[in-house]
Every structure is written in structure tokens, then in C-alpha cells.
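Let me begin by presenting the structure, written as C-alpha cells, before commenting on it.
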Amino acid sequence: MRAVFVDGDAASAEIFRHQMKAGDLKVDIHLDPDVSPQELPKLMGDAEIAIVDHTYLPTEVARRCAKLKHVVFLGTGARSYMSPEELADLGIAVHTIKGYGDTAVAECAFALMWEAARGLARMDREMRAGAWLRTEGMQLTGKTLGLIGFGGIAREVARLASGVGMRVIAWNRTPRPADGVSFVDIDVLLRESHVVSLHLLLNDETRGFLSEARIGAMRRGAILINTARGALVDEAAMIAALKTARIRHAGLDVFAVEPLPDDNPLKTLRNVTLSAHSAFRTPEASINLMAAALDHCRRIVVEGA
């Protein structure tokens, strides 16, 4: 059995190789992070396993990958790049990886929240341009943080927020007991939160979850943080709310289309902080991720034997 890491780079390849053990299956690492879907059939050849970081895998392309039986996606957001259900109909199983970067993503969400509250990036840009801009910040101690979705990342955000004296409330399909966190209805969360942070998985039910109506129900002047998936939010409605200051500031690590197109209005708004889908990118998270990917591959080999 053979696997291909289709969109590696030098850093990820080094970490991946370091995690490999004697007797592991053969893994070919393609050192090019910018792979077009049309290249995949040739790239995969007779390999049964594709390890994918961020390359789109349309169903019609997967159909042309003759031996492909498993996709190990490096993260939880495989639906942003492929249709697991359609691939399953072709006999291709999609495996995702959870928990590898909970702390890393939570720290990034917290960093975006602090930046949105104080306007540090804007002051930095203006000062470098010769201006002396002084912004009026929001003090977060004593404010309410609302977490939409409550998995491992949100639990870490809650831990960090409670340490600086924020009140933490959360909405989740199934409430999960957590010290210092109160679970409330979504309408209550939107109405009471000074900061709203998204932590949902993307699927058919959650796509567009933060709709125009729900954005309109947010506390005026609230901060919005998204380190989950861009498609969870009605982007046009969010932009409109940012322009009218219904949303004070948005800290965004993820977008509906990535990389963010040059003509996207978010690039022109001063009350937006942009991060290039890098919340999970720390050495610790990368080691966890590559180790988990290899564990998936090892299990596939054993189960296929």
C-alpha cells in the first residue's frame, strides 16, 4: 500500500518524515503546496491513500484517481475542499483529524479578539505611514464572550477568557458541562455577547449559520471572531454590518474563498483584522497533526491487510 502527501512543503515534509517509523507504508511527499485538482490523477498514480492539506478534490477528479480508496485530510474541514458523501459513493473514505491544534487555534482566536478590541494592527499601519492614530479600545475584563459551538477549541478559548475575568456563555447543539461556562439559547448569546467567537464544524446544517438575521440580532458594537470556517457566516451581511458599525470589528482567520481574492471588500475595511488561515500553525500543532495523519495511514494498512 502506498500514500501520497499531495501538497506538502519543506517544513511539513520535515516534520512528517521525523514522525515516520521503521516498517511504515511508503509515503511519497510532493513538495509543492500549490497543486491544481487536475494534477491529482497523475500525481496519485497507483497510490491508495491521499494525504491532503488544502488541495481541492472534486468528485469528478477523484473518479479519475484509479486506485484511490482513502483521503486523510489534515484537519477537520474536509467539506471545504471535497464532498465526503460523494467520495463515499465512489468507495473512497475521508478521514479527518481533530484535537491536534486546539490550544494553537484558541490562542489565535484570543489574539484576534484582543487586537479587535484595541486596534493595535491599525495603529501600527498608520504609524508606519507617518500618522499618529490613537484608537479608543474596548476593555475585555468584565465583558461577555459568546462561543458558538463548544468543542476542544472553544473549551480552550473559555479557559483563556476566564483567566482575564470575562464572563463566558456558549451555545452548542448538545450542552457540555464546563467550569465557568453557562449554556444559553443562541438568541440570548447573540444579544448579550460583547464578543462572539465561532467554533462550529462546517456541514450542510451549519453553512451560513451566522445569517443576516442572526447578525442583526447581535449586540450593537460587538466583536466577531472566526477561526472556524468562512462559510459559516453570511459574508455579505457581515460586511454590511461592519460598514454600519453594528459589528465593531471582525477578526477573521478563515474566508468563504481562500486565498482571499484581491477584490474582496474585507480588504478595504479598517475595522477588520485579516489572518491567512494560520490559526493552527505552530510547531506543536504541526507535530500533533503529522503524527495523527501517520496513525490514520497505519490503521488503514492494518485494516486493509
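Some observations on this one:
- Taken about its Cα centre, the chain carries a charge dipole of about 900 debye when Lys and Arg each add +1 at the Cβ and Asp and Glu each add -1 at the Cβ.
- Entries of 69/98; 26/67; 98/243; 21/69; 143/243; 26/69 with Cα pairs more than 25 Å apart: 98/243
- Backbone geometry of the range 89-103 corresponds, through the Karplus equation with coefficients 6.51, -1.76 and 1.60 at θ = phi - 60°, to 3J(HN,Hα) couplings of 5, 8, x, 10, 8, 9, 10, 10, 10, 10, x, 5, x, 4, 5 Hz, x marking Gly and Pro.
- Antiparallel beta bridges, as assigned by DSSP with both residues in the chain, represent about 0 percent of the total such bridges.
- Sorted fewest first by neighbouring Cβ atoms within 10 angstrom, 171, 132, 114 come out as 132, 114, 171.
- Neighbour net charge for residue 48 - beta-carbon separation under 9 angstrom, K R +1, D E -1: +2
- Ordering 199, 277 from the fewest to the most neighbouring beta carbons within 10 Å gives 277, 199.
- For the range 102-274, the Cβ-based charge dipole about the Cα centre amounts to some 580 debye (Lys, Arg positive; Asp, Glu negative; other atoms uncharged).
- Going from the residue with the fewest nearby Cβ atoms within 10 Å to the one with the most, 53, 124 rank 124, 53.
- Debye log10 I(q)/I(0) at q = 0.11, 0.12 Å⁻¹ for the range 102-274, Cα point scatterers: -0.42, -0.50
- The distance linking the range 175-244 with the range 253-305 is 20 Å (Cα centroid to Cα centroid, whole angstrom).
- Cα gyration tensor shape for the range 133-203, rounded if a/c is under 1.5, else prolate or oblate: prolate
- Of every Cα-Cα pair in the range 1-160, the percent that sits beyond 29 Å: 41 percent
Only the coordinates and a few stated rules stand behind these numbers; no lab work does. Here the structure is a predicted model, which means the values were calculated and not measured. As a convention, Cβ positions derive from the backbone with ideal geometry for all residues, glycine included, and neighbour counts pool all protein chains shown.
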